[in-house]
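Worksheet for the structure shown next.
The values are calculated or read from the model by the stated rules, or taken from the named source; none is laboratory data. The shown structure was predicted, so the numbers you read here are calculated from the model rather than taken from an experiment. Counting neighbours? That spans all protein chains shown, and the Cβs are built from the backbone with ideal geometry, glycine included. Accessible surface is based on the protein model in full, side chains and every heavy atom, while ligands, DNA and RNA are left aside. Shrake-Rupley method; radii C 1.70, N 1.55, O 1.52, S 1.80 Å.
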Amino acid sequence: MLELIELKKELTITNPSTGATIETLSETSFYEASQLINEAEKAQIGWAKTPIKERAQVFYKYLELLKNSKEELAKLVHLENGKTLSESIAEIEKSIELTEYACSLPQIAKGDLLEVSKGVTCTTSYEPIGVVANIAPFNFPHMVPHWTAPNALMLGNAVILKPSEHVPLSAIKMKEMLLKAGLPKGLFQTVLGGKSMVELLCENPTIKAVSFVGSTPIAKIVYAKASASHKRCIALGGAKNHLIVMPDAHPEMTANNVIASMSGCAGQRCMAASVMLAVGNCDNIINLMITEATKVIPNKTLGAVISKFAKEKIENHITLAEKQGAKILVDGRGITVTGKENGYYVGPTIIDHVTSEMTIAKEEIFGPVISIIRTESIEEALQIENDSEFGNAAAIFTQSGRTANETIKSFSAGMVGVNVGVPVPREPFSFAGWNDSKFGHGDITGDASILFWSNLKKTTTKWNPESKTNWMS
Ligand code: NAD
């Protein structure tokens, strides 16, 4: 009956580089979503009984398909997200690395065994949880689903993926390719929709765990809703990443890294540099940054931002900073690209003499904008970084090992770098921030994700009738 009375909403997918409609899809209805969850639940029973080494065969095949389709998949990411083609290729390469890690899980998640007393052994094994949900943001349409789904599936679970309503095409393609690789039907489902679909996933009793990646306000809501339904949840939120630049930093390398970090993927990375804390006199580095910014060219080395709304929001932030007394050194407002006049482009922007009280210093901007706060000392710089409500990433640029080591210890962020503007941990090292950049325990990728996607079973066995019964066994 539900099927008959439910109205299905339309989802218009737009190409951010041109503003043109790519295609119109229907949102998944609640009835359809419930059916897909039921199908996943049934499929998971057989999958859970399949030995992990057999599950891995599907992912070896999938890995091969990913490698052979790299260009095609990158074009799809470029089309629906607006990042440049070379950034899109890098995104698929990261998905490949994540899938390679999933393929290695039989070697890593193999459990343990110990003879704890004569004739008595204890073993631990990683058991599947059941059906899990992955909720993804718009900025990495292919990579973020690969942070979660390959590991969750390899560990014997079924996955319901809800991509961002801006970029569902890569997720749909992922399902098609997993099926082609031999993943049993029903195990990996995509559902399309927004807020109410997320609510359904958080509340549906068949779903046992929820991963979320997106902005902090929504991460808080999802974490609270999923936890209230007694589900395990990891919810990664937004970011405001600080780079401390010391006067002894290598000038060219620093300028190049800071600009690449703030402008890569049009600044729409949760690892992007947002605030540069210039300690003492760093004018030579700032001048080089201005030169570097001239090499960042919209529609060539700089992609579009996701929507008209995002473009306006970023430009309004720059205008507000100017009104509040900051100095715009490079201005990316009002950019148009010939032939793509309706595309959502914001040029690289450098704002100097920002103070820690200004809005631009505190809120996530998510565009190709770097704010420079000038500080007298490294202690003052660290205080600003520590005071941020976020804690995704932070980095220091210096040639002093001692300064670097002391600063690493003092940063209040989950992923830190030394002379690296985007300190993303490569597999098998795990990914997640601290503070309001993450809610829940563990990390979302790598070894730290294994316990999130499984239940640890502890088994004690005694096969020797002569072994005595003692206080424990
Ligand atoms: P978003 O929070 O707007 O959306 C994320 C997901 O939540 C989408 O699938 C969306 O459909 C859903 N959603 C939106 N509103 C909702 C609501 N009211 N209730 C329930 N669900 C809702 O994020 P976005 O704009 O797609 O992505 C950008 C954000 O993601 C940035 O803040 C960025 O820092 C963050 N991000 C964080 C990480 C990380 O690792 N910490 C990685 C990538 C992106």
Each label point is 7 Å from the Cα along the Cα-to-Cβ direction; what then is the distance between the points at E341 and E380, in nm? 4.7
As a percent rounded to 5, the proportion of antiparallel DSSP bridges among beta bridges in the chain is 40
Could you rank W434, W453 by how accessible they are, 1.4 Å probe, largest area first? W434, W453
Per residue, how much accessible area does the stretch 414-461 show when a 1.4 Å probe rolls over the protein heavy atoms, in square angstrom? 46
Set K94/K173; K110/K231; K49/K185, cut-off 20 Å on Cα-Cα distance; pairs above it are K110/K231
In the stretch 375-410, GluC sites (Glu not before Pro) in a DSSP loop with at most 15 other beta-carbon atoms within 10 Å: E376, E389
Can you give me the angle between helix 70-81 and the longest principal axis of the chain, using Cα atoms only, in degrees from 0 to 90, rounded to the nearest 10? 60
Modelling each spin label as a point 7 Å along the Cα-to-Cβ direction, I'd like the Y60/L114 distance in nm, to one decimal. 3.3
Would you mind calculating the gained length between D331 and S307 on full extension (0.36 nm times residue separation, minus the Cα-Cα distance), in nm to one decimal? 6.7 nm
Return the calculated 222 nm mean residue ellipticity for the chain, to the nearest 500 deg cm²/dmol, obtained by summing -39500 (n - 2.57) across DSSP H runs with n ≥ 4 and dividing by the residue count. -12000 deg cm²/dmol
Mind checking the dipole of the stretch 107-263: about its Cα centre, +1 per Lys or Arg Cβ, -1 per Asp or Glu Cβ, Debye to the nearest 20? 480
Here the relative contact order (percent) of the stretch 1-110, from C-alpha pairs under 8 Å and at least 6 apart, is 25
Which percent of the accessible heavy-atom area of the chain goes to carbon and sulfur, probe 1.4 angstrom? 55
Under the classification rounded if a/c is under 1.5, otherwise prolate if a/b is larger than b/c and oblate if not, where does the chain fall, given a ≥ b ≥ c as square roots of the Cα gyration tensor eigenvalues? oblate
HN-Hα couplings for the stretch 198-213 via Karplus (6.51, -1.76, 1.60; θ = phi - 60°), in whole Hz with x for Gly/Pro, come out as 5, 4, 4, 5, 6, 9, 4, x, 6, 7, 9, 8, 10, 10, 10, 9
From a point 7 Å beyond the Cα of Q35 in the direction of its Cβ, which residues of the stretch 171-190 have a backbone N at a distance under 18 Å? 185-190
With the 8 Å Cα cutoff and a minimum separation of six or more residues, the stretch 280-403 has a relative contact order in percent of 23
Using the beta-carbon distance between I45 and W434 and R0 = 51 Å, what value does 1/(1 + (r/R0)^6) give for FRET efficiency, to the nearest 0.05? 0.85
So which aspartates and glutamates can K457 reach, going by Cα to Cα under 13 Å and dropping same-chain residues fewer than 8 places off? D112, E127
Under 23 Å from K327, Cα to Cα: lysines that are on another chain or at least 8 residues apart: K240, K295, K311, K313, K362
Quick check for me: using +1 on Lys/Arg Cβ and -1 on Asp/Glu Cβ, what's the dipole size of the chain about its Cα centre, in debye to the nearest 20? 1340
Everything considered on the Cα gyration tensor (a ≥ b ≥ c; rounded for a/c under 1.5, else prolate if a/b is larger than b/c, else oblate), the stretch 1-81 must be described as oblate
If one takes the longest principal axis of the Cα atoms in the chain, at what angle in degrees, from 0 to 90 and to the nearest 10, does the Cα axis of helix 216-228 lie? 20
If the chain between T461 and K70 were fully stretched, how many nm would it gain, using 0.36 nm times the residue separation less the Cα-Cα distance? 136.0 nm
Under a 1.4 angstrom probe, counting protein chains only, how are K67, K61, K42 ranked by accessible area, largest first? K42, K67, K61
Sites Q324 and I297, calculated FRET efficiency, Cβ-Cβ separation with R0 25 Å, nearest 0.05: 0.30
To the nearest 0.05, what FRET efficiency results for N316 and E10 with a Förster distance of 22 Å applied to their C-beta separation? 0.15
Where only protein heavy atoms count, and the probe is 1.4 Å, what is the accessible area per residue for the stretch 91-231 in Å²? 34
Cα-based helix-to-principal-axis angle, 52-68 vs the chain, degrees rounded to 10: 30
Applying the gyration tensor rule to the Cα atoms of the stretch 342-447 (axes a ≥ b ≥ c; rounded if a/c under 1.5, else prolate if a/b exceeds b/c, else oblate), the class is oblate
So, relative contact order of the stretch 386-464 in percent, Cα under 8 Å, 6 or more apart, is 28
Can you give me the distance in nm between label points at N284 and E176, each placed 7 Å from the Cα along the Cα-to-Cβ direction? 5.4
